[in-house]
Amino acid sequence: MAQTKSIRWLISGLALSLLILMLPGTALASSESEESTMVTVGGYYVSLVVSKPFKTGGNPFHLQILDEMAEPVGGAQVKISATPSSAMPANDTQHQMENMENMENGADEMSGMRGMQHDMPNMDAAPTYTSANDMSGQPGDYAGIIAFSAAGPWVLKAHFSIDGQVLDAEFPVDVEASSSAFAILAWFIFLNAVLIWAASISRQKPVSA
Amino acid sequence: MISKLSKLTLSWLEGGDILANKWVDHFIRSRWYPGIIQWPTLIIFVVIIYQLFFGPTSAHDNFGTALTWVLWWPMIPIIFLFLGRFWCAICPFATVNDLVQKFVGHNRPVPRFFKKYGIWIIDAMFILITWSDHIWGIVESPIGSGVLLMLLTTAVIASGAFFERRMFCRHLCFLGGLAGNYSQAGMLSLHGTPEVCANCTTASCYTGTEKAPGCPVFEFPRMMTTSANCVLCGDCVKNCPNDSIQVTIRPPTKELWFVHKPKVEVAFLAAVIMGIVFVQNVTMLEVWGSILTWLEAVTGTTSYYVNFTITFMVAMILPLALLGWASLVASKNNDASLAENFTRFGYAIIALDLAAHIAHNLFHLLAEGKSILYTGMALFGADSHGASPALMSTPNIQLMQYGLMVLGFLGSLYIVYRIAKTNYQGDVIWATFKPYAILMAGLCILNIILFTLPMDMRM
């Protein structure tokens, strides 16, 4: 009897702890802070700026391109691809560039994508593409939205051409599961913890003799 | 030894007690049953929940989606056919219910409202869940599937925390309604031995003993006339001091030949399930797009909510109306009212339901079965690109679907005949039989036509 009572208290404690832990977890999931990663390619400084960590689904980002003198570089043609790290063969760069050239030429965007998917060694997370546009009024800044279909390590590749020079900048990124998924599950766990906690507390007063 | 086994096997097929085999008997009575199957199922359920929420966002790549909708959902009616409601004994929701109840359960009595209207609530929930699946794309969205499972988990936790036994499973689970109907056509039956139970003064099967709790779904084997609710958990076998409980094999649909107290809600659900199978088939057909376009032109709106809801309503009403028509015609030939005929002969649709449900899901299981392996392998970084998910070619699957529909049709036809023969005599039997035979033939042909058309995949 005493053992059952202590188990009940233990469950109540666990349920309450879960509640307390879930609240800041949910709040943290929605907090934002801008992060920047810079690489140097062909004398240009390319920075990937994101306002919050990448999640599965669509993510806004912007790229900043500066020249050797740290002056913003406007008018570049920028294409972005995102590929799961596990699906990145060492020598696939050329192939990806060809696909992106197809897209850029506008010959058959979908065939480029299909071609890319066809050679994908891992179907768990398909590569995605987007183009980054000049942000008006901010030369050197290029904005876009990139989608990730799964959590895990990915490689964001910025393929850009400036004055006839074609360059690639790679950014390894970690993609987390969508915070909405986390928030939904957290709220269910919260709700269930409340139910268990309420049952545990109110059970101490027997309903009937 | 061999001859003993052969004799035993033959006795099983003849309706002998499976528990007469000491190995089966020991297993069912052991404390390992059903836990040894229940706990791994719960672990798999947790993996599925994790995958649905945190795995790939595309259903095509999600292991949780594959396990739920390509493996579990198609297997469920097959399990009901061969093993009755055994799934309910090992269902993770039931395990969660029991766990919560054990530690914090209030064990309040089941509210009278649930007892009285439970099956109607189940009918409504089943319809609502099917409707919402199409409107919000639950199956196509891993998170949608996750939300559905978590909603059910929450309901189960609430039930286990405050009410006695498995109140949710017995009175509210939407799958329980389906299971209840299908298991009546199932091949496994648990029941007490009447002459032994007649002298029993303990009712341990219902109240429980130190060996096991009382029946979790409020059944009293002594009085049981149907397998609709028994989950084959084995608690009554453990509790019975007189070894009265038997588990026997019977021909499929046999229970439906002699339904003592038919209930209108069960007949209603049987007709509705047929409508749901129609909806599932129609919306997965490649021509569904054209049907939607036509509907948009007729209704003057492109709202999927409106157009799908109309399709859904038509599909639900069609089998209900056809059953009503057959009952009306039959009522002119026998003395029963339309409602009595509807209730009594509605049970006959269950065999066709089961066949159509298995046939529909057979496509998903056999045409997409390997996706379970591929999405599972992908968790470990294994490559499955370009490989076909099919376990069998589409023409072969279609042949199996047609075969199943014919079996279902024959099953339904025979149930109608037996019910008519039990209740009427002479020419009235055939006069009652005819409209229902036409109904079953119509439903069977409609399903076969749908199975001949190309169908989209789930994954």
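Using Cα pairs under 8 angstrom and six or more residues apart, how large is the relative contact order of chain B, in percent? Don't skip to the answer; put the middle values down first.
On the way: 701 pairs, mean separation 82.0, N = 459.
Contact order relative to length: 18 percent.
Any idea what the dipole of the range B:157-228 comes to, in debye rounded to 20, about its Cα centre with Lys/Arg Cβ at +1 and Asp/Glu Cβ at -1?
On the way: 5 positive and 4 negative charges, 25 e Å.
With only Lys, Arg, Asp and Glu charged at Cβ, the dipole is about 120 debye.
In debye to the nearest 20, how big a dipole does chain B give about its Cα centre with +1 on each Lys and Arg Cβ and -1 on each Asp and Glu Cβ? Working shown, then result.
Working: 28 positive and 25 negative charges, 258 e Å.
Result for chain B is approximately 1240 debye, rounded to the nearest 20.
Among B:103-114, A:150-161, how do they line up from the highest to the lowest mean number of other beta-carbon atoms within 10 Å? Intermediate results must be reported in sequence, preceding the final value.
Details: B:103-114: 15.4, A:150-161: 20.3.
The most tightly packed comes first, giving A:150-161, B:103-114.
Once every Cα of chain B carries one equal point scatterer and solvent is ignored, give the base-10 log of I(q)/I(0) from the Debye formula at q = 0.10 Å⁻¹, two decimals.
The calculated log intensity ratios at q = 0.10 Å⁻¹ are -0.79.
Please give the peptides B:212-219, B:29-36, B:139-146 ranked by average Cβ packing (other Cβ atoms within 10 Å per residue), highest first, as a rough proxy for protection.
Values: B:212-219: 20.5, B:29-36: 14.5, B:139-146: 22.2.
Descending mean neighbour count gives B:139-146, B:212-219, B:29-36.
For peptide A:46-57, how many partner chain Cβ atoms fall within 10 Å of a residue's Cβ, on average? Display every interim value, and only then the final one.
Numbers: counts 0, 0, 0, 0, 0, 0, 0, 0, 0, 1, 6, 1.
The shielding value for this peptide is 1.
Go through the range B:70-78 residue by residue and turn each phi into a ³J(HN,Hα) via Karplus (6.51, -1.76, 1.60, θ = phi - 60°); whole Hz please, and just put x for glycine and proline.
In residue order, the calculated couplings are 9, 9, 5, 4, x, 6, 3, x, 5 Hz.
How big is the range B:29-184 by the Kirkwood estimate over distinct Cα pairs, in Å?
On the way: mean 1/r = 0.0613 Å⁻¹.
One decimal place: 16.3 Å for the Kirkwood radius.
Every read-out reported here was derived from the displayed coordinates using simple, explicitly stated rules and does not represent laboratory data. These numbers come from a predicted model, not from an experiment. Cβ: placed from backbone, ideal geometry, glycine included. Neighbour counts: every protein chain shown.
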